[in-house]
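Notes to accompany the following structure.
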Amino acid sequence: MANTFIGLAGNPNCGKTTLFNELTGSNGYVGNWPGVTVEKKQAVWRADKDVTFVDLPGIYSLSPYTPEEVVSRDYVVNERPDALIDLVDVTNLERNLYLTTQLLEAGRPVVVGLNMCDLLKERGDVVDTAALAERLGCPVQEVSALHNTNVDELVKKAVEAGKRGVPTTGAKCFSPEVETALSKIAEAISGQCDEQLSRWYSIKVFERDAEAIAPLHLSAEQLAAIEPVIKAVEEARDDDSESIITSDRYDWIAQTMEACVKKAPKKLTTSE
Ligand code: GDP
Ligand code: K
Ligand code: MG
């Protein structure tokens, strides 16, 4: 049986190391990612040696601004693990979902693990995981890495998703004028990237992320033809394209919080 590779991604302090150690007994190999002093850990699942976990650095975004972000996006886009587990600190869901929206666009099957659900229960907050799964377009599993709750269920979902091999298509987080531009860009670059990465690269072209789109080898003519498509949205929104993408993500996340999270009523405190 072929080995299944699962990348573990998430924000710093979401519990990734705890999960990794729980799943692997830290039997693994520790080294650095090529060319950078960013730690790379890889180890097999205790329950099935044919499943290998690759621990990605803790990051808030897949943008190209830190070595940790670059390592993570190179791994996801170029090495193409069979599936990704996006571990989310559910007590900081709003902040964590920013990375999630980007991972969903990277052309891989994604399963989201809502970690620290023990703390959520203590607070009395409730996340509607079915509604969240619907909005994200991927499976969502509540877990507690610290208490070893539902951790194997999370991995089983990721292994299944990896075997099926159907990438997530990305949350519908962009406004209509951005979507129109992305469709035009996708058409313009079609044939120059793997079909599964069409959306990923369309967004990167829209953001004018030169480093990310270098592998597309777009000609000067192509770039010149695409530029007015980006400019039109920038003029309509009176903002630069990268900020437009970011602010659309934040708007979508705010709506998602509204739709999927019920906060416990504030406890009455005895006052003087
Ligand atoms: P990393 O930065 O993503 O590798 O996060 P760590 O694994 O180092 O975890 C950060 C902190 O969260 C540690 O104090 C963990 O013990 C704690 N932690 C991890 N998972 C859980 C969980 O499911 N519940 C609770 N209550 N704490 C957790
Ligand atoms: K840490
Ligand atoms: Mg860690």
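The values are calculated or read from the model by the stated rules, or taken from the named source; none is laboratory data. All values derive from a computational prediction rather than experimental measurement. Positions of Cβ are backbone-derived with ideal geometry, glycine not excepted, and every protein chain shown enters the neighbour counts. Side chains included, ligands, DNA and RNA excluded: accessible areas come from the protein's heavy atoms. Shrake-Rupley method; radii C 1.70, N 1.55, O 1.52, S 1.80 Å.
Couple of notes before you dig in:
- Just one of the listed residues (Lys121, Lys172, Lys184) is modelled with pLDDT under 95 and touching a helix residue (DSSP H, G or I) at 6+ places or on another chain (Cβ under 9 Å), and it is Lys172.
- Among the residues of the range 205-249, those that are among the hydroxyl-bearing types (Ser, Thr, Tyr) and either in contact with a strand residue (DSSP E or B) (Cβ under 7 Å, 6 or more places away or on another chain) or surrounded by 14 or more Cβ atoms within 10 Å (Cβ to Cβ) (or both) comprise Ser241, Thr246.
- The C-beta contact set for the range 17-29 (first residue on the phi > 0 side of the Ramachandran plot and modelled with pLDDT under 95, second residue more than 16 Å from ligand 2 (Cβ to nearest atom) and open to solvent by less than 60 Å² (accessible area, probe 1.4 Å), distance under 7 angstrom, 6+ apart or interchain) comprises Ser26/Ala43.
- Of the residues making up the range 80-93, one or more are touching a Pro at 6+ places or on another chain (Cβ under 6 Å) and not charged (D, E, K, R).
- Where a residue in the range 187-198 is farther than 20 Å from Thr168 by Cα and its partner, wherever it lies, is of a type in the set (Gly, Ala, Ser) and loosely packed, with under 15 Cβ neighbours inside 10 Å, with Cβ under 7 Å and at least six apart: Ala188/Ala225
- Wholly within the range 189-270, helices (runs of 4 or more DSSP H) carrying at least 3 residues that are closer than 21 Å to Arg73 by Cα: 198-206, 210-213, 241-260
- For the range 39-71, the tally of residues that are polar (S, T, N, Q) and at pLDDT below 95 stands at 3.
- Filtered residues of the range 148-158 (kept if open to solvent by 20 Å² or more (accessible area, probe 1.4 Å) and on the phi < 0 side of the Ramachandran plot): Thr149, Asp152, Glu153, Lys156, Lys157
- Within the range 3-44, the set of residues being closer than 14 Å to Ala83 by Cα and more than 16 Å from ligand 2 (Cβ to nearest atom) comprises Asn3, Thr4, Phe5, Ile6, Gly7.
- Applying the criterion of being of a type in the set (Val, Ile, Thr) and more than 9 Å from ligand 3 (Cβ to nearest atom) to the residues of the range 1-25, the residue that is farthest from the chain's Cα centre (by Cα) is Thr24.
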